Structures are given as structure tokens and as C-alpha cells.
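The values are calculated or read from the model by the stated rules, or taken from the named source; none is laboratory data. Quick caveat: nothing in here was measured; it's all calculated off a predicted structure. Cβ placement follows ideal geometry from the backbone for every residue including glycine, while neighbour counts extend to all protein chains displayed. The accessibility values were calculated without ligands, DNA or RNA, using every heavy atom of the protein model including side chains. Shrake-Rupley method; radii C 1.70, N 1.55, O 1.52, S 1.80 Å.
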Amino acid sequence: MNAKERIIVPLDVPDEDSATFLINKLEQVTFFKVGLELFTSTGPKIIDLLKSRKKRIFLDLKFHDIPNTVAGACRSAARYGVDLLTIHATCGTDALKAASEAVQDEAAKVNLNPPKLIAITLLTSISSRQLAFDLKIPLELPEYALAMALMAQETGLDGAVCSPQEVAQLRQTCKDNFLLVCPGVRPTWADKGDQKRSLTPAQAIASGADYLVIGRPITAAADPELAWQRICEELITVSG
Ligand SMILES: O=c1ccn([C@@H]2O[C@H](COP(=O)(O)O)[C@@H](O)[C@H]2O)c(=O)[nH]1
């Protein structure tokens, strides 16, 4: 995979027209993420639109519910034929197993490739202080993120979402084929915004990330295509 294919651009916009505008501006981008804002607005229409443009799709709905409910949601998502799908690791092992079985089973029924089901370890907007004081979790942050990733791996998930600051440790400990997807990535020239545990794109790839989710540094730039190209050039120096 070349550096460009490792960048996933989130379409964090309110409607189909705004999404279409970005997709058109970013012609060379091959992988887009559809999250809560856009999917809640457009429903599956946006999936059809991206497929008609031959784009890869990360459906980032971050399921978090009881086993029966997440399994049902995963069945519905598996019918879209998307590439990546998220669930919170904190659903626990029963829900993760049910979700994983559901995507495999439903995709086979409809004769599609199952989406890679990946677990959110700890949102990249959470700091160590918030982990301790807001979430009341007594572990150190890297230890907690690793525990969530290992639980996901043991329950049969395909990968995890983690911040670039934890990815080296997860890469060392998890299996080679366990996908590691990093949001919270920021070039030195971009604003961090609400992201608390960021590294640059080149640092994240050098630390072992398979994919980088990079949104506002590209989508909020005056020239999104130029911002994307600048990031690609920075990445080529580490991954070719
Ligand atoms: O822990 C997480 C999980 C998902 N995200 C999503 O990634 C993008 C990041 O966008 P930026 O504009 O680059 O901050 C966004 O869609 C989040 O929902 C995350 O940031 N952290």
C-alpha cells in the first residue's frame, strides 16, 4: 500500500451536498470515512454515492450497546458492503463476540466481503487526566488502550482504533495482521482542535499505523487538495 492509500478522509459534514463538494475536491482520495453526523443526515444514500465513485468506505458509527443490539446493527451494516466498521471496546467481550459473528454471518448470507470490524480503544479526545478524573479509570492511559486492543483481538475483531501516541506499543504487542487505525493525527502546521494525543502523519506511520484518519487539517483547509498533497509528500519520506 502506498502512502496516499493510508490516508482516510472523514466526511464530517452535515449533508450530502457538502459531502459531494468534498469528494469532488479530493478526487485523488481513495478512502473516505462516514461518521455519525453525515450518516444521521443522509442514511445509506451516502454509501451508494461513495460506491458509485469507486471509493473505499469506513463506516464509523461507533456502536456501543448490549450484545443483541450491536449484533443487529452490525448485520445491517454488513449489508452495505463497507470496508471498515467501528464498535467501542467498552461494550465488553460478549458484545464484541456477538458483533464479530454477526458481520461474518450476514456478509456471507448476502455474498459480500465482511467489513473489518475494529474496536475503539479510547477516544483520541480523552487525555490521561480525563481518563482518571472523568472516567474514573485507575490504569495509566497506554496500559488501558493496550488492554482494550488485546480484548478486541482475543474476541476475534480485526483491529483497533487508537491514538498515534499508543500505536507503537499496540503494534509491538498485537498480531501483525491486527489493523491499527489512527485518528488524532496532526501535521505540525495544523491546529490540534479537540484532539489530545496527536502525532504527525509521518510519526504515526513510522510507529506502525496501518491507516491515518485525517479530517480538519484537510477538509477545513482553504485548499483541501493542496493540504492532502502536502501530507502525502510528508508521508512519502517514511513509507514510500
Ligand atoms: O478516537 C477517535 C475515534 C474516531 N475519531 C474520528 O476521526 C475523525 C478525526 O477528525 P479530525 O478532524 O482529524 O480531528 C473524526 O471523524 C472523529 O469522529 C477520532 O477523532 N477519535
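Picking from residues in the stretch 121-165 that are open to solvent by 10 Å² or more (accessible area, probe 1.4 Å), touching a Lys or Arg at 6+ places or on another chain (Cβ under 7 Å) and outside any helix (DSSP H, G or I), the one that is farthest from Leu84 (Cα to Cα) is Ser127. Taking the criterion of being more than 13 Å from the ligand (Cβ to nearest atom) and among the β-branched types (Val, Ile, Thr), the residues of the stretch 142-191 that qualify are Thr155, Thr173, Thr188. Quick one: count up the residues across the stretch 205-226 that are in a helix (DSSP H, G or I) and either under 24 Å from Leu85 (Cβ atoms) or in contact (Cβ under 8 Å) with a residue 12 or more places away in the chain (or both). Total meeting the criteria: 8. Within the stretch 111-120, identify whether any single residue is among the polar types (S, T, N, Q), on the phi > 0 side of the Ramachandran plot and either open to solvent by 30 Å² or more (accessible area, probe 1.4 Å) or modelled with pLDDT of 95 or more (or both), and answer yes or no. Within the stretch 111-120, one or more residues are among the polar types (S, T, N, Q), on the phi > 0 side of the Ramachandran plot and either open to solvent by 30 Å² or more (accessible area, probe 1.4 Å) or modelled with pLDDT of 95 or more (or both). When residues in the stretch 176-193 are screened for being closer than 20 Å to Leu131 by Cβ and open to solvent by 80 Å² or more (accessible area, probe 1.4 Å), 1 of them pass.
Taken over the stretch 84-101, residues that are within 16 Å of the ligand (Cβ to nearest atom) and either assigned to a helix (DSSP H, G or I) or open to solvent by 50 Å² or more (accessible area, probe 1.4 Å) (or both) amount to 3.
Take the stretch 127-158 and flag every residue that is among the β-branched types (Val, Ile, Thr) and closer than 22 Å to Ala99 by Cβ.
Thr155
Checked against (1) open to solvent by 50 Å² or more (accessible area, probe 1.4 Å); (2) more than 9 Å from the ligand (Cβ to nearest atom); (3) more than 18 Å from the chain's Cα centre (by Cα), Ala227 meets all criteria but (1).
The lone criterion from (1) open to solvent by 10 Å² or more (accessible area, probe 1.4 Å); (2) in a loop (DSSP other than H, G, I, E, B); (3) under 27 Å from Ala3 (Cβ atoms) left unmet by Val29 is number (1).
Restricting the first member to the stretch 60-75 and to residues that are in contact (Cβ under 8 Å) with a residue 40 or more places away in the chain, and the second to residues that are away from the ligand (no atom under 13 Å from the Cβ) and in a helix (DSSP H, G or I), the beta-carbon pairs closer than 9 Å and six or more apart or on different chains are Cys74/Ala98; Cys74/Ala99; Cys74/Ser100; Cys74/Glu101; Cys74/Ala102; Cys74/Val103; Cys74/Glu106.
Identify, please: which residue in the stretch 33-80 is within 13 Å of the ligand (Cβ to nearest atom) and in a helix (DSSP H, G or I) and is, among those, least open to solvent (accessible area, probe 1.4 Å)? Even if it seems obvious, please write down each step before you answer.
Step one: of the stretch 33-80, the residues within 13 Å of the ligand (Cβ to nearest atom) are 33-40, 58-64.
Retained after the next criterion (residues that are in a helix (DSSP H, G or I)): 36-40.
Details: Leu36: 94, Glu37: 92, Leu38: 1, Phe39: 38, Thr40: 114 Å².
So, considering only residues that are within 13 Å of the ligand (Cβ to nearest atom) and in a helix (DSSP H, G or I), the one least open to solvent (accessible area, probe 1.4 Å) is Leu38.
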